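Report on the structure given below.
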Amino acid sequence: MDRSRHATHTVVTVHQIWQESIRSGIGEAELRGLTGMDPAELTDFARRVPAERLFATWEAVIRRLDDPGLPVRVANAAVHDTRSAVYLLAAACPSVRDGVRAAVANTSAWTTAYTLATYDTGRGGMSVVLEGLDPERLGARCEAEFQVADFVGYFRGSVGLDVFPAHVRFAHPAPPDTRAHEEYFGPGLEFGARHTEFVLTADVLDRPIRTAHPGLANVLAGHVAALRTSTEPAPHWVQVRRWLADRLTEGEPTTAAAAARALVLSERTLHRRLAAEGTTFREQREAVRRELALDLVRTSPRPFKEIATLTGFADVRAFYRAYLRWAGTTPGLDRAGTYPAGSMR
């Protein structure tokens, strides 16, 4: 699986995209149609959404507006509409260096779709490298530009000066119009680089933050750590697999309707959420049946007829056909540990 399939991201960014889209002339009704989301989904800023939903939102809106500068504008507006606990923590730190380090250390508090890391560039400078976003995907490119622009907006607002990074590099190709990027990031802008990063010199990093507040920083650090380490609800495909494994071992029916009831969802919502995670109920049921069948045949003395029943087959012949497809051999030969010449386990 690719990294983004089961990754999540704070709903705050989606909210900020929506707000800038509305300011750009897109109505709420049209936004609902473009993104498949409802404004009510964007009011709980502790909520996470699938990263796929974030990328799809970027893509739908930027294509509708035909404005390559959208990610920069969203980030610029976000500075004045702070909703992120990580941003507030960084703004309470004593210096830009401390704030950037705090934000990078807590990346997982807002996303698992990509990672950020800091590197010493010598003479007190620092490079912040973003990894994990597909440079071929429009939505991922938008998120990379937004994230770097958000950091730039952070340290500008923190020191009260229109300072520029020494370098801003993006791994993806330049958009059709880069005027907004050039104005925002300055002369050190580069596209098509080896990786996405921005570089800050010591004179920027060591500037004191106007909003520094040690007591508040300590409180926010605890809150952000809880966001970072708290156990989030497992993705729906994981919840479905757990439910299927329990039901199969108990010999209970394994329909999508029953799974939806167990997860307190409508069947339609369950199918929609699995689709957003890149899978289907049928795929997950097949995978769980396969894993359970292989395990029972290879590690237990149970009769094959009983295993067939446990894994949801109406008769043992259907089970044998499926097993041959899964394992490349029959249950009997698999249990005995011998395989026909040329077979694939």
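The values are calculated or read from the model by the stated rules, or taken from the named source; none is laboratory data. On a predicted model such as this, the values are computed, not experimentally measured, just so you know. Don't worry about glycine lacking a Cβ; one is built from the backbone with ideal geometry, like all the others, and counts go over all protein chains shown. Surface accessibility is based on the protein's heavy atoms, side chains included, excluding ligands, DNA and RNA. Shrake-Rupley method; radii C 1.70, N 1.55, O 1.52, S 1.80 Å.
Helix 214-229 versus the longest principal axis of the chain: what angle, 0 to 90°, nearest 10, using Cα atoms?
It works out to around 20 degrees.
In the neighborhood of Val168, defined by Cβ-to-Cβ distances under 9 Å, what is the net charge if each Lys or Arg adds +1 and each Asp or Glu adds -1?
Once positives and negatives cancel, what remains is -1.
For Arg321 and Thr269 in the same chain, what is the full-extension length gain: residue separation times 0.36 nm, less their Cα-Cα distance, in nm?
Contour length minus the Cα-Cα distance gives 15.4 nm.
Which of the peptides 300-309, 169-178, 194-203 is most tightly packed, and how do the rest follow, going by the mean number of other Cβ atoms within 10 Å of each residue?
Ranked from most to least packed, the peptides come out as 194-203, 169-178, 300-309.
Expressed as cubic angstrom per residue, what is the convex hull volume of the alpha carbon set of region 197-333?
It comes to 222 Å³ per residue, whole-number rounded.
I'd like the Kirkwood hydrodynamic radius of the chain, using the inverse of the mean 1/r over distinct C-alpha pairs, in Å.
23.0
Round to the nearest 10 and report in Å² the accessible area of Glu250, as given by a 1.4 Å probe over the protein chains' heavy atoms.
120
Carbon and sulfur together cover what percent of the accessible area of region 133-272 at a 1.4 Å probe radius?
54
Between Arg261 and Arg137, what is 0.36 nm times their sequence separation minus the Cα-Cα distance? Round to one decimal in nm.
41.1 nm
Report, in deg cm²/dmol and to the nearest 500, the calculated mean residue ellipticity at 222 nm for the chain, where each DSSP H run with n ≥ 4 adds -39500 (n - 2.57) and the sum is divided by the residue count.
Value at 222 nm, helices only: -16500 deg cm²/dmol.
Using only Cα atoms, locate the centre of region 160-227 and the centre of region 33-85, then give the distance between them in Å, rounded to an integer.
If you average the Cα positions of each part, the centres end up 19 Å apart.
Return the Rg/Rh value of region 211-283, two decimal places, where both radii are evaluated on C-alpha atoms and Rh is the Kirkwood radius.
Here the Rg-to-Rh quotient is 1.27.
Assuming R0 = 56 Å, can you tell me the calculated FRET efficiency for the pair Ala287 and Thr178, based on Cβ-Cβ distance, to the nearest 0.05?
That gives a FRET efficiency of 0.80.
Please express the Cα-Cα pair-distance distribution P(r) of region 23-109 as a list of whole percents, one per 5 Å bin, running from 0 to the bin with the greatest distance.
With 5 Å bins starting at 0, P(r) equals 2, 11, 17, 22, 21, 12, 9, 4, 1.
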